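Enquirer: Could you have a look at this structure, given as structure tokens, before my questions?
Each reported figure results from applying straightforward, stated rules to the coordinates on display, with no laboratory input. Just so it is clear, the model here is predicted, and its values are computed rather than measured. All Cβ positions, even for glycine, are placed from backbone atoms using ideal geometry, and neighbour counts span all protein chains on display.
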Amino acid sequence: MHTTTTQAIEPITQEAAVSNRADRSSILGSGLAVSPMHRVSTYFYTAFLTLLLDQAIKLGVHLTMEMGPLGQIPLLGNWFKLYYTLNPGMAFGIQFGFRYDKILLTLIRLVITIRIGQYIWQSAQSTGLFSWLLFGWALVLGGAASNGIDSIFYGVLLDNVPYQAPMSWFYGQVIDMFYLDIWSGQLPSWVPGLAGKYVIFFPIFNLADIAILGGMALIVYIRQYMPVEPASVPHQS
């Protein structure tokens, strides 16, 4: 009788363990049970819509706004406004500082974009998917691909290459338009190297930048605060 009772309870215990893992996976976003190709298409649709919306905003700004202060459009006073400007390098205008640095930057963007696409494709077809994690990578993919389009094509299509650029292809400048006037003032004396200097902190960015930063923040949050342990089959003795 004791042996029979043990055998009846053990499957229930295993089923409960599987159910707990399924509930935890659902919290992480594995979501409804759908085919692998449907999951893949969901993430690439997200990336494509991010790219499409970002390009639409950029082209709309280019066609309807004047560049610089004269064309700015206040949205929330002077704190947040539309401001048409061009970025020749990476985020915040960072450049490598040599003649063909933009080609290198564009190639890096291409490689990163392709690698992210491969990661999403492979991960979405495997078991144990966590869709919020891949959704974050889809946002990064869409943003990186859209800024890459600016770099590769805008120099030719919009003729916005920097002065003395060696070529038009791969030297297009990224269009930025969202202006945040966060802070301006004189730095205190204890700031090393910049003591007493007057600084203005006003990042100007685009939707692709928002998608990249938002996607990375989501990825970091999930990896940091929602770690997932691989499902294991209970040992049967």
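Enquirer: Between ASP159 and MET67, how many nm apart are label points set 7 Å from Cα along the C-beta direction?
Expert: Inter-label distance under the simple model: 1.2 nm.
Enquirer: Around GLY172, what is the net charge, scoring Lys/Arg as +1 and Asp/Glu as -1 over all other residues with Cβ under 10 Å from its Cβ?
Expert: It works out to a net charge of -1.
Enquirer: Still on this structure: Lysines within cross-link reach of LYS102: Cα-Cα under 26 Å, excluding same-chain residues under 8 positions apart?
Expert: List returned: LYS58.
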